[in-house]
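This report refers to the structure that appears directly beneath it.
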Amino acid sequence: MQPMWGLVPKLPLYSAFYRLGRPVLLPFSLVVSVSYRCNSRCKTCGVWRIPSNELSPDEWRKVFSHLGRAPFYLTFTGGEPFLRSELEEIVIAGAEACRPGVITLPTNGLLTRRIVEETDRICAAARYTQIGLNLSLDGVGPEHDQIRGVPGNWDRAMETWRGLKELQSQRKNLVLSVHTVVSKFNIDRIREIVDGLQFLEPDSYITEIAEERVELGTVGWDITPSAAQYAPVAGYLAARARAVRARGLARFTQALRANYYQLARQILERQTQAIPCQAGWASGHIAPNGDVWSCCVRAEPMANLRETGYDLRPIWAGKVGGMRRLRASIAAGECACPMANASYANMLLHLPTVARVARDVLIPTRPLR
Ligand code: SF4
């Protein structure tokens, strides 16, 4: 596995890329959407309505071989990624070609057998990569089913979780997380939900704010909690993250997470980038059909990988497509959002934030009562 610390010496180069335009570096955090198909009908997402002209496993193989060792974080998402019958093949191809430190797979947990069996084989094949399985739970019991639009979803998700927990005793590179989307539908009960999910004993618990994203087809849906609603929640989540007893990298991750919640609060309050967004430099997103985006919130296709023989580099270097124009717009602050994937990369590249995270790592916090 690439150690996380291997990324640290490269961070100044990413800062130079953002400020000076060189050296041109491929993103260290890359999200790959393998399909828009989904068997959930969430109140916060309409991605399942969007047709996807999906890249084949062979096409993905070519993409990964061009990427080489650039990505440290590789996320395979959807839709529901496990609906894609070749998911395992695609993920393993990415793991073998890129050798990332971390692969993340979000899931709604509906396809129990497929999720557990494929996760097992992915963990076995990508032994030197941390495989993070994130189970999405937006409420406890019937509340979850209601938000996700699938009767019985909670029970099936629980069955999947039990299977994954069992698997974890054999697969040491498997990390199990629970992920909650904080939206207008659950913000008023979020403390009870967060506390109510802890019986699952996840390795980590993460939340993200429901956003109006072009990718999800949710622009104009009015699903994002207001800044006033989110502020106390951010304080609670940050205190929880700081109170987790962890060591080494896990402690650093918790400190980063605590700072993310405060950053998300500031972004909602100010409606501006509270720290510079480096999506389009340090992080990026590839759509199911090979379109290249800075991020899924803007989801503006810069060019398609099929046009460049599946090589991201000419698109990322601005030789093909509209990357330069998009970067100018992002650097000018023409957009702002608390999207987690981009935010974590942004935080690693922002020295005052890194200093705050370091302080949180060094100064112990009292356990939460
Ligand atoms: S601020 Fe948000 S919308 Fe704008 S580029 Fe960054 S991640 Fe995308």
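Calculate, in nm to one decimal, what K165 and E96 gain on full extension: separation in residues at 0.36 nm each, minus their alpha carbon distance.
Difference between extended and current length: 22.3 nm.
Less than 13 Å Cβ to Cβ from W161, Lys/Arg counted +1 and Asp/Glu -1: what total charge do the surrounding residues give?
-2
Nearest 5 percent is fine: what portion of the DSSP beta bridges confined to segment 81-186 is antiparallel?
0
At R19 and D188, where each label point lies 7 Å from the Cα along Cα→Cβ, what is the point-to-point distance in nanometres?
Each label point lies 7 Å from its Cα, and together they span 4.8 nm.
Let me check against my output: what whole-number percent is the relative contact order of the chain, with C-alpha pairs under 8 Å and at least 6 apart?
18
May I ask you to derive the relative contact order of segment 268-354, considering only C-alpha pairs under 8 Å and at least 6 residues apart, and to give it as an integer percent?
36
First compute the accessible area of the chain with a 1.4 Å probe, then give the percent of it belonging to carbon and sulfur atoms.
Of the solvent-accessible surface of the chain, carbon and sulfur hold 53 percent.
So which cysteines of the chain have no other cysteine's Cβ under 4.7 Å from theirs?
C38, C98, C123, C277, C295, C296, C335, C337
Nearest 0.05, what FRET efficiency do L362 and D203 give at R0 = 25 Å with Cβ-Cβ as r?
0.65
Based on DSSP H runs of at least 4 residues, each adding -39500 (n - 2.57), what is the mean residue ellipticity at 222 nm of the chain after dividing by all its residues, to the nearest 500 deg cm²/dmol?
Calculated at 222 nm, the ellipticity per residue is -12500 deg cm²/dmol.
Leaving out ligands and nucleic acids, note down the accessible area per residue over the chain with a 1.4 angstrom probe, in whole Å².
On a per-residue basis, 42 Å².
How much space per residue, in cubic angstrom, does the convex hull of the C-alpha atoms of segment 101-220 take up?
Value for segment 101-220: 112 Å³ per residue.
From Cα pairs below 8 angstrom and at least 6 apart in sequence, can you work out the relative contact order of segment 138-293, rounded to a whole percent?
Relative contact order for segment 138-293 comes out at 15 percent.
I'd like the FRET efficiency for D195 and A231, computed as 1/(1 + (r/R0)^6) with the beta carbon distance as r and R0 of 25 Å, rounded to 0.05.
0.85
So what's the net charge close to V32: Lys and Arg +1, Asp and Glu -1, counting the other residues with Cβ under 12 Å from its Cβ?
Summing Lys/Arg as +1 and Asp/Glu as -1 gives -2.
To check you understand DSSP bridge types, tell me what percent of the beta bridges within the chain (both residues inside) are antiparallel, rounded to 5.
Percent antiparallel among DSSP bridges in the chain is about 10.
The values are calculated or read from the model by the stated rules, or taken from the named source; none is laboratory data. Since the structure is predicted, the reported quantities are computational estimates derived from the model, not experimental observations. A quick note on method: Cβ atoms are made from the backbone with ideal geometry, for glycine too, and the neighbour counts reach across all protein chains shown. Areas reflect the complete protein model, heavy atoms only, side chains present, ligands, DNA and RNA absent. Shrake-Rupley method; radii C 1.70, N 1.55, O 1.52, S 1.80 Å.
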